[in-house]
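Here, each number is a calculation from the coordinates, and none is a lab measurement. All figures in this text were calculated on a predicted structure; none of them were measured in a lab. Cβ placement follows ideal geometry from the backbone for every residue including glycine, while neighbour counts extend to all protein chains displayed.
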Amino acid sequence: MDRSQKTESVAQLNAVFKEVGVVVVTRNLGLSVAQSTELRQKMRDAGASYKVAKNRLATIALKDTQYEGLEEYLSGPTALAWSEDPVAAAKAAVDFAKTNDKLEIVGGSMGGEKLDEAGVKALASMPSLDELRGTLVGLINAPATKIARVVSEPSAKLARVFGAYGAKDAA
């Protein structure tokens with residue numbers, strides 16, 4: 001990598017760090033190409049990104065962002081996962097690490113709050129933004145459904161009564 005490529009890589013990472021909601025630092029302990037591809041696919045499916053970056057370049061890119069302080073996790077063969085959804089990257093990384101012992105969660109940060117391994121795992125156990133939206137829509141729709149049922153129920157009872165009288169008179 002020449003100097004211009006390094007500068008461009010730092011600028012791209014810095015732009016990412018200024019926009020995302022969570023950054024998770026992982027340690028790769030010999031992931032094969034197939035395993036790495038599978039991890040990247042799971043990250044994409046979750047709406048997250050995963051990148052192996054040189055520790056020194058990532059440290060430079062962290063400057064002047066809310067993720068300063070993650071430098072202490074950047075030692076050895078590390079990679080970064082991030083997403084705008086505060087839960088997606090953590091959830092995808094933790095789920096993959098459960099089935100593959102070659103990926104280790106080191107730590108991370110959500111906004112300005114630094115997280116250790118246990119914090120990232122706790123974050124991963126929370127519902128994602130889409131799940132929360134679904135729950136809210138369900139809660140909002142529930143009263144409307146109940147109101148519609150309450151409004152239509154008296155007329156339905158009345159129709160059943162008239163139907164019963166009509167069947168009685170016909171018999």
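Restricting attention to region 70-97, report how many residues are more than 27 Å from Leu132 (Cβ to Cβ) and assigned to a loop (DSSP other than H, G, I, E, B). Working first, answer last.
So in region 70-97, the residues more than 27 Å from Leu132 (Cβ to Cβ) come out as 71-79.
Cutting the leftovers down to assigned to a loop (DSSP other than H, G, I, E, B) gives us 74-77.
Selection size over region 70-97: 4.
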*Just one of (1) assigned to a helix (DSSP H, G or I); (2) more than 13 Å from Thr26 (Cα to Cα) trips up Lys121, so point out which.*
(2)
*Of all the residues that make up region 1-19, how many are in contact with a Ser or Thr (Cβ under 6 Å, 6 or more places away or on another chain) and either acidic (Asp, Glu) or surrounded by 18 or more Cβ atoms within 10 Å (Cβ to Cβ) (or both)?*
1
